[in-house]
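A.B. asks: The structure under discussion is supplied below as structure tokens; questions concerning it will follow.
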Amino acid sequence: QNSEGFWLMEKVIPIFYTEYFKYISRFRMIPNPVDCLTPVYRRLLLSMHDIASKKFTKCSKITGYATGTYHPHGTLAAYGALITLYKQGFVDNQGNFGTPGLDDANPSAERYTEAKLKKWVDEFCFKYINLVPWDEYEYENEPLFIPSPIPIGLIGDGDIYMGIAAHRTIIPRYKLSDLAKRLKYLITEDELDKIIIYPNLTKDGCSIKRDDIQAEKILTNGSGTLTIIPNCVSKNKELRILGRVPQTTFASLKDDDRLHCECYSGATIDVSVKPTKREDLQTFYKYIYKKHLIKNINFIIYICENDGSVKQEGVDDILLRCYEYYVEIVKFSLINECIKHIDKKFTNEIILIIREILRNHPTVKSIDEIIKIFALKNYKIKTEDYYQDQDQFMLVEKTISNEDIKNVCTTKSIKSLIEHNVNIQENDKNIKDIKLKISNNVNDCYALICNFCSSNI
């Protein structure tokens, strides 16, 4: 029995752990391959779009809404993620969201702080949110990804994303303008547009040592090592440290007997470091940089498919996939808009037929009488239908049914049918304009990316 039990554990436990890791990867730690967001960040952005895009809202209300509507975990985890979105540059805040220094000050409790989604994020992410697939992803109906022209999870003023499941992923964040320039190059494949971009650590007060080979490896393969250097100035025989490598602390500085540290400001990092004994300052500064400040970060990008499988992928692949989805979604939106105008034109033409019936039969006073008269004739109208398999609108001849007449009549009184403004020429113009937008969709989306190249974000 013991040997059978051991054999059963050998077979069953790996299956359980595999399923567990798939769950953790998909729903917790590893980002989606389209928007490069994990569920908690997507759910928070969606929640802020719902209740905190127009005005500052209590953070406790935001996290409560997110956990009650989308996220099956506690508000503490959601609040931590909200602070990360603030650090990333997506959220405006009121109140103490934490201050960096020798000893980082924690954020105030969520009942004391307020947040609002930045306007550009709301416009960038949610214009077509209802056109992406929604599903009971884990808890309630929610979008499977955010449809932005550039993956929102790769954009940021600073910080990096770290997630650990069966795989450990460390994802850089870039300036929107840099990502747009790289995407422009990927679309055109024009060597004159080629640009190697580096993570944006502006908010962390850090610089990155130039290494185009490693930076391009991150872009193409999803793995590369970059050297991060905090910004410092030498002043009055002391070293003023004005930045810090993401995901690190100053603990090693405080524990070093060779140094005396003091924090000048709590609003931003401004740490003064002096030697405890007399020594050559240049040697001392080199020691501080080498031992405490300069860090090598091995970026490695993993993304998670909908089936829970995880694979390593470069920034370029994520950029192109997100952009291709966006182009298709915009096209789908335009097709739907065109169909609405075609239906409006069809309705207007039915109204014209009803008016003809009313002119020829002035004694008609009810909708039922209109339908009876209409049933004696066989009305046909040339209209259009969209054929998805051929990806085009085609002219068809459609017989108007009693149901069509009834639907139009039941929405309006006879008086309003007579007075309703019918302009078939305007309908045709709107349809023509939207069809032109559909045919120019790829060029228009590309022009949007070109506009982002000069963005300050």
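The values are calculated or read from the model by the stated rules, or taken from the named source; none is laboratory data. As the structure is a computational prediction, the values presented were derived from the model and not from experiment. Ideal geometry is used to build each Cβ from the backbone, glycine not excepted, and the neighbour counts take in all protein chains shown. Just so you know, the surface numbers come from the protein's heavy atoms only, side chains and all, with ligands and any DNA or RNA stripped out. Shrake-Rupley method; radii C 1.70, N 1.55, O 1.52, S 1.80 Å.
A.B. asks: Measuring with a 1.4 Å probe in the full set of protein chains, what accessible area per residue, in whole Å², belongs to segment 221-322?
C.D. replies: Numbers: 5200 Å² over 102 residues.
With all protein chains present, segment 221-322 gives 51 Å² per residue.
A.B. asks: Considering only 155, 269, 393, whose Cα is most displaced toward the positive end of the charge dipole of the chain, charges sitting on Cβ of Lys, Arg (+1) and Asp, Glu (-1)?
C.D. replies: Looking along the dipole axis, the top candidate is 269.
A.B. asks: Ignoring everything except DSSP H segments at least 4 long, calculate the 222 nm mean residue ellipticity for the chain; use -39,500 (n - 2.57) per segment, divide by total residues, nearest 500. Walk me through the numbers on the way to the answer.
C.D. replies: On the way: 15 runs with 201 residues, N = 457.
About -14000 deg cm²/dmol.
A.B. asks: Assuming a ≥ b ≥ c are the square roots of the Cα gyration tensor eigenvalues, decide whether segment 98-240 counts as rounded (a/c under 1.5), prolate (otherwise, with a/b larger than b/c) or oblate. Spell out each step's value before the answer.
C.D. replies: Details: a/c = 1.89, a/b = 1.14, b/c = 1.65.
Oblate shape, in that a/c is at least 1.5 and b/c is the bigger or equal ratio.
A.B. asks: Which angle between 0 and 90 degrees, to the nearest 10, do you get for helix 2-24 versus the longest principal axis of the chain when only C-alpha atoms count?
C.D. replies: Approximately 70 degrees, to the nearest 10.
A.B. asks: Please work out whether the chain counts as rounded, prolate or oblate from its C-alpha gyration tensor, where a ≥ b ≥ c are the square roots of the eigenvalues and a/c under 1.5 means rounded, while otherwise a/b larger than b/c means prolate and anything else oblate?
C.D. replies: Values: a/c = 2.47, a/b = 2.21, b/c = 1.12.
Taking the square roots of the gyration eigenvalues as a ≥ b ≥ c, the chain is prolate.
A.B. asks: Students sometimes get this wrong: rank 140, 419 by accessible area, probe 1.4 Å, all chains present, largest first.
C.D. replies: 419, 140
A.B. asks: Count charges around residue 386 for me, please; just the other residues with Cβ under 12 Å from its Cβ, Lys/Arg as +1, Asp/Glu as -1.
C.D. replies: Numbers: positive: 331, 340, 435; negative: 337, 343, 384, 385, 389, 391.
Net charge around residue 386: -3.
A.B. asks: Considering Cα pairs under 8 angstrom that are at least six residues apart, work out the relative contact order of the chain and quote it in whole percent.
C.D. replies: Relative contact order here is 16 percent.
A.B. asks: How much net charge surrounds residue 335 when only other residues with a Cβ under 13 Å from its Cβ are counted (Lys, Arg +1; Asp, Glu -1)? Each step should come with its number before you reach the end.
C.D. replies: Numbers: positive: 331, 340, 435, 437; negative: 328, 337, 343, 384, 385, 391.
Residues near residue 335 contribute -2 overall.
A.B. asks: Run the Debye formula on the Cα coordinates of segment 225-270, all scatterers equal and no solvent, and tell me log10 I(q)/I(0) at q = 0.15, 0.28, 0.29 1/Å.
C.D. replies: The calculated log intensity ratios at q = 0.15, 0.28, 0.29 Å⁻¹ are -0.44, -1.32, -1.35.
A.B. asks: I'd like to compare 51-59, 184-192, 102-110: which one has the highest average count of other Cβ atoms within 10 Å, and what's the full order after that? Kindly include the intermediate steps, with their values, before the conclusion.
C.D. replies: Working: 51-59: 17.4, 184-192: 12.8, 102-110: 15.1.
Top of the packing list down: 51-59, 102-110, 184-192.
A.B. asks: If r is the Cβ-Cβ distance from residue 392 to residue 307 and R0 is 30 Å, what FRET efficiency results, to the nearest 0.05?
C.D. replies: Details: r = 33 Å, r/R0 = 1.11.
Once the sixth-power term is evaluated, E becomes 0.35.
A.B. asks: Okay, next question. What's the local net charge at residue 62, with K and R +1, D and E -1, over the other residues with C-beta under 15 Å away?
C.D. replies: Around residue 62, the surrounding residues sum to +4.
A.B. asks: Could I ask something else about it? State the extension gain, in nm to one decimal, for the chain segment bounded by residue 274 and residue 378, taking 0.36 nm per residue of separation less the distance between their alpha-carbons.
C.D. replies: On the way: separation 104, 0.36 × 104 = 37.44 nm, distance 9.51 nm.
Extending this stretch completely gives an extra 27.9 nm.
A.B. asks: Under the classification rounded if a/c is under 1.5, otherwise prolate if a/b is larger than b/c and oblate if not, where does segment 263-311 fall, given a ≥ b ≥ c as square roots of the Cα gyration tensor eigenvalues?
C.D. replies: It comes out oblate by the Cα gyration axes.
A.B. asks: Hey, any idea what % of segment 154-220's accessible area is carbon plus sulfur with a 1.4 Å probe? Walk me through the numbers before you get to the answer.
C.D. replies: Values: 1340 of 2880 Å².
With neighbouring chains kept in place, the figure for segment 154-220 is 47 percent.
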